[in-house]
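Participant: This structure is in structure tokens; I'll ask about it shortly.
The values are calculated or read from the model by the stated rules, or taken from the named source; none is laboratory data. In this text, all values refer to a predicted model and were calculated from it rather than measured experimentally. Heads up, the Cβs are rebuilt from the backbone with ideal geometry, glycines too, and the neighbour counts pull from every protein chain shown. Each accessible area value is taken on the protein alone, full model and side chains, heavy atoms only, with ligands, DNA and RNA left out. Shrake-Rupley method; radii C 1.70, N 1.55, O 1.52, S 1.80 Å.
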Amino acid sequence: MKYIGLFILMSMLSIHQSIRAQSEKNPFGLVYEGAITENVDGKVNIHPVTYKLNGIDIAANVYTPANYDRTNKYPAITIAHPNGGIKEQTAGLYAQHLAEAGYITITADAAYQGASGGQPRHTDKPQFRTEDIRGMADFISQYPGVDRERLGALGICGGGGYTLKAVQSDKRFKSVATLSMFNTGIVRKNGFLNSQISTIQERLKQASKARAQEAGGGEIVYSGVDGITDEELAKVSTLFYRQGYEYYFRTHAHPNSTFLYTTSSLMDLMAWDATDDIDLIDQPLLMIAGSNAQTLYLTMDAFPIATNSKSKELFLIEGATHIETYWKPEYVNQAVNKLVDFYQNHLSTTDL
């Protein structure tokens with residue numbers, strides 16, 4: 001058993017070293033396994049783009065299917081990245097896989113984050129993140145070859161919670177899916193696994209103080225993590241956070257990715273809930289999560305109260321943790337296959 005465990009560990013290290021080596025030479029900055037390294041005629045291609053959203057420059061990647069023909073009509077999908085994540089990580093991985101299945105996909109760095117503009121940096125307010133998704137819809141709906149009547153949404157982790165909110169009122173989206181959904185407002189207010197309920201008022205006061213300092217021209221105060229030592233990582237007891245730090249700071253690290261956010265953002269985050277008005281979602285809904293994810297409770301809380309969805313399905317990936325759905329091939333493949341079936345049933349009116 002010891003040797004089997006060692007073999008698995010060495011295999012994982014080999015995969016991660018391969019990803020790191022690829023990211024260092026990837027011309028598009030992509031840090032996921034099997035990422036595009038060059039655009040080749042007849043294959044899935046990636047197109048870095050920028051556009052304005054409420055006066056802010058947004059950096060995005062559009063993926064087009066193999067043999068893309070701008071005169072044809074394709075279904076399209078917006079993909080919102082996780083908290084702390086950027087478009088070159090798991091959002092890009094899923095965008096590429098869905099493009100391989102025949103969809104035009106777009107994933108963008110949130111305003112104030114990644115390669116997108118906006119000051120102060122790492123502002124993380126839910127109204128901005130929701131607007132980011134609408135902005136992706138604005139842009140991709142005008143992209144050559146996109147059928148505006150076949151627009152879907154996918155949100156991963158925090159992007160999943162924000163996507164649930166966006167589609168409540170934006171009926172351009174004809175179907176919506178989430179992967180490892182993270183209801184950021186509830187977690188920022190109550191703490192992960194409801195571990196900080198007793199300190200809600202104290203943390204709101206800290207956020208209010210941080211905003212007052214900003215308004216007075218003082219230093220921006222940040223919460224979260226922007227790196228971790230091996231010694232600190234070894235002491236992280238929560239599996240979700242430990243695997244998250246390993247993903248973002250070790251195996252799939254990117255200089256634009258950080259867990260930092262302005263402390264003043266908590267004034268908005270802690271008063272926000274992705275499931276408020278979730279009954280406004282009447283589009284088909286698919287929610288995917290790992291059966292071993294410590295964040296599963298957030299999906300399980302949201303799914304039953306989306307009562308007006310025309311068709312909804314909960315799909316659990318057996319054995320997967322939250323972060324493993326970002327990169328582990330056997331889990332990613334299951335998620336992608338389910339997503340393709342879902343979008344084919346609820347987006348496509350013609351064969352892809």
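Participant: In the full protein assembly as shown, how much of Trp272 is accessible to a 1.4 Å probe, in Å² to the nearest 10?
Facilitator: 40 Å²
Participant: Let me ask another. Taking every eigenvalue of the Cα gyration tensor of region 95-223, multiplying by 5 and rooting it, what semi-axes result, largest first, whole Å?
Facilitator: Semi-axes, largest first: 32, 18, 12 Å.
Participant: Classify region 46-96 from the C-alpha gyration tensor, please: rounded if a/c falls under 1.5, else prolate or oblate depending on whether a/b exceeds b/c.
Facilitator: Verdict is oblate for region 46-96.
Participant: Trypsin sites (Lys or Arg not before Pro), restricted to region 38-70: which are DSSP loop and have at most 14 other Cβ atoms within 10 Å?
Facilitator: Arg70
Participant: As an exercise, find the ratio Rg/Rh for region 203-352 from alpha-carbon atoms, using the Kirkwood inverse-distance average for Rh.
Facilitator: 1.04
Participant: Using a simple spin-label model with points 7 Å from Cα along the Cα→Cβ vector, what separation in nm is obtained for Asn337 and Ala234?
Facilitator: 4.0 nm
Participant: Within 10 Å, at most 12 other Cβ atoms, and a DSSP state outside H, G, I, E, B define an exposed site. Report the longest part of the chain free of exposed GluC sites (Glu not before Pro).
Facilitator: 39-218
Participant: Ok, one more. How large is Rg over Rh for the chain, taking Rg from the Cα atoms and Rh as the Kirkwood inverse mean of 1/r across Cα pairs?
Facilitator: 0.95
Participant: Which stretch or stretches of region 157-178 have amide N atoms under 20 Å from the point lying 7 Å from Asp282's Cα along the Cα→Cβ direction?
Facilitator: 164-177
Participant: Same structure, new question: Taking K and R as +1 and D and E as -1, what net charge do the other residues with C-beta under 15 Å from the C-beta of Lys52 add up to?
Facilitator: Net charge around Lys52: -4.
Participant: Related question: Projecting each Cα onto the charge dipole of the chain (Lys/Arg +1, Asp/Glu -1 at the beta carbon, about the Cα centre), which of Ala153, Gln213, Gly85 comes out farthest on the positive side?
Facilitator: Among Ala153, Gln213, Gly85, the one farthest towards the positive end of the dipole of the chain is Gln213.
Participant: Here's another thing I want to ask about it. On average, how much area does the Cα convex hull of region 293-348 cover when viewed from any direction, in nm²?
Facilitator: 4.3 nm²
Participant: Taking +1 at the Cβ of each Lys and Arg and -1 at the Cβ of each Asp and Glu, which of Leu260, Ala271, Tyr297 sits farthest along the dipole of region 233-348 towards its positive end, judged by Cα position relative to the Cα centre?
Facilitator: Value computed over the given set: Leu260.
Participant: Any number yet on Rg/Rh for region 211-271, C-alpha, Kirkwood? Intermediate results must be reported in sequence, preceding the final value.
Facilitator: On the way: Rg = 14.3 Å, Rh = 13.3 Å.
With Rh from the inverse mean 1/r over Cα pairs, Rg/Rh is 1.07.
Participant: About its Cα centre, what dipole magnitude does the chain give when the only charges are +1 on Lys and Arg Cβ and -1 on Asp and Glu Cβ, stated in debye to the nearest 20?
Facilitator: For the chain, the charge dipole is close to 280 debye.
Participant: On the protein heavy atoms, probe 1.4 angstrom, tell me the percent of accessible surface of region 224-323 carried by carbon and sulfur.
Facilitator: That fraction is 50 percent.
Participant: Per residue, how much accessible area does region 258-352 show when a 1.4 Å probe rolls over the protein heavy atoms, in square angstrom?
Facilitator: Using a 1.4 Å probe on heavy atoms only, each residue of region 258-352 averages 41 Å².
Participant: State the Cα centre-to-centre distance between region 31-105 and region 195-244 in whole Å.
Facilitator: 32 Å
Participant: Given a Förster distance of 35 angstrom, what is the FRET efficiency for Thr50 paired with Lys73, based on the Cβ-Cβ distance and rounded to 0.05?
Facilitator: It comes out at approximately 0.90.
Participant: Right, next: How large a share of the accessible area of region 82-184, in percent, is made up of carbon and sulfur atoms when the probe is 1.4 Å and the other protein chains stay in place?
Facilitator: Whole-percent figure for carbon plus sulfur exposure: 50.
Participant: Given only helices, namely DSSP H runs of n ≥ 4 each adding -39500 (n - 2.57), what is the per-residue ellipticity at 222 nm of the chain, to the nearest 500 deg cm²/dmol?
Facilitator: -11500 deg cm²/dmol
Participant: Show me the trypsin sites (Lys or Arg not before Pro) within region 110-150 that DSSP assigns to loop and that have at most 10 other Cβ atoms within 10 Å of their Cβ. Provide the component values of the computation, followed by the final result.
Facilitator: Values: sites: Arg121, Arg129, Arg134, Arg148, Arg150; in loops: Arg121.
In loop regions of region 110-150 (DSSP not H, G, I, E or B), there are no sparsely surrounded trypsin sites (Lys or Arg not before Pro).
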